[in-house]
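Everything below concerns the one structure shown next.
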There are 2 protein chains.
Amino acid sequence: MSSGTYAQRVNNFSQNKVARKLLETIEQKKTNLCVAVDLTKKRQILEVVEKVGPYVCLIKTHIDIIEDFDQGFIDELCILQARFNFLIFEDRKFADIGNTVKLQYSSGIYKIAEWAHITNAHPIPGDGIIKGLKEVGKPLDRGLLILAEMSSAGSLATGSYTDAAIEMARRHRDFVIGFIAGRKLTGDRLGQQYRSPTDVILKSGSDVIIVGRGIYGEGRDIVKEAKRYQEEGWNAYLERLKLEK
Amino acid sequence: MSSGTYAQRVNNFSQNKVARKLLETIEQKKTNLCVAVDLTKKRQILEVVEKVGPYVCLIKTHIDIIEDFDQGFIDELCILQARFNFLIFEDRKFADIGNTVKLQYSSGIYKIAEWAHITNAHPIPGDGIIKGLKEVGKPLDRGLLILAEMSSAGSLATGSYTDAAIEMARRHRDFVIGFIAGRKLTGDRLGQQYRSPTDVILKSGSDVIIVGRGIYGEGRDIVKEAKRYQEEGWNAYLERLKLEK
């Protein structure tokens, strides 16, 4: 349930370290802001991360759009992660059968499981996708988000699809830590882009607000915008707590 | 419609070069066999491709499970492709919004659009995913397969989801060349793994049979197995033609 304080909800995740760590980080840094760094050069990405680091609980990556990716990028990202104490969420949207996602998650050039605390998956292939990812991620204390809805026009993730996604997630509580969804679902989850912090955190009851170019788009003062989103997101959370009383 | 000869159906694809090229290759090499090379070392993969090359119309890759991937691998794969005249199908299962898949398809380390004649996508995000991929792939004469069904247990790609996938594909006939599905749908498509050639080509009316470890699994004679699947698949197609008369 996305109700109660972040601190209180740490206890809901006795089985999952990364969920506890995320909630603790949010509470400690007083930020529910996740910055989506959808840039294609590693230098650009690291610059944004260094600037927003103090104001975020989470950094969201698309590792496979980086043109000059190499292991050095991961090393530098992990140094910033340790310095600013945030978690890393690779927005991979896994969508294949168990045996394939196991390899995609652990192996290849990117070795996502080695550095991403959190990743996400579509429920379409059935439970096998969660089982496959869990085999790799659980021993490393990683966590998975399930895409229960998508905000894009004409999305097929609605109605009974969304219900089935939630049921599937419930069967794997030791690894699935929440949902990506546009409205309030039962369970912890991350919010969506393109909406105001008040809308996402207060009205829709999300735990985390994800912002991309609103922070580092052309002409923006990255630090100023990150601070603003942090404040707005945190105030919306405090408002929500008042309403819950 | 998956009926008529491969050669006759070339005319169904006036808008899409890669679909015509695939059908012509099938007819010319008398093979509807696609080999799924799900291996993690580039040397292993290239060895399999070199052996099965003469017997396939299509090679299916999972580029992101290759541990020692580099540009040299793509170069060697393309040399084999030219030598044996097959097409390359990267089984990426794109599943994000348009702006993201555009980058994932064209950029990053893998630059999939540069070498994969065919790739595939889940319809979940709505039309935007096809539009995004088409912007990149259409100018390069690439083709897209839509995942209308999945054979894995508990798949959510059924019923109205599958119907919506087919409708979505129809709206983009200049780029979508068919479906991945387990049973006969209206439209051209590729078949699925784990079933006999007769089952896939004759009973389910698929155009292509995809085989993986059945050909290069431990202890198998790769050339012998590839020849066997080619023959069985082609005979099943000839049987189907007889039944259609």
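Data table
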item	result
Residue check for residue B:47: closer than 17 Å to residue B:232 by Cα, surrounded by fewer than 24 Cβ atoms within 10 Å (Cβ to Cβ) and among the acidic types (Asp, Glu)	no
Identity of the residue in the range A:64-96, open to solvent by less than 20 Å² (accessible area, probe 1.4 Å) and away from chain B (no Cβ under 13 Å), that ends up farthest from residue A:53 (Cα to Cα)	A:89
Pick from the range A:114-146, criterion aliphatic (A, V, I, L, M) and more than 14 Å from the chain's Cα centre (by Cα), ranking: farthest from the other protein chains (Cβ to nearest Cβ)	A:140
Any hit, the range A:21-37, residues being within 18 Å of residue A:229 (Cβ to Cβ), out of contact with any Cys (no Cβ under 8 Å at 6 or more places or on another chain) and within 14 Å of chain B (Cβ to nearest Cβ)	yes
The one condition in (1) closer than 26 Å to residue A:93 by Cβ; (2) open to solvent by less than 10 Å² (accessible area, probe 1.4 Å); (3) among the aliphatic types (A, V, I, L, M) that residue B:39 fails to fulfil	(2)
Within the range B:147-171, tally of residues that are open to solvent by 50 Å² or more (accessible area, probe 1.4 Å), within 12 Å of chain A (Cβ to nearest Cβ) and in a helix (DSSP H, G or I)	3
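The values are calculated or read from the model by the stated rules, or taken from the named source; none is laboratory data. Nothing here was measured: the structure is a model prediction, and the numbers come from that model. Don't worry about glycine lacking a Cβ; one is built from the backbone with ideal geometry, like all the others, and counts go over all protein chains shown. Surface accessibility is based on the protein's heavy atoms, side chains included, excluding ligands, DNA and RNA. Shrake-Rupley method; radii C 1.70, N 1.55, O 1.52, S 1.80 Å.
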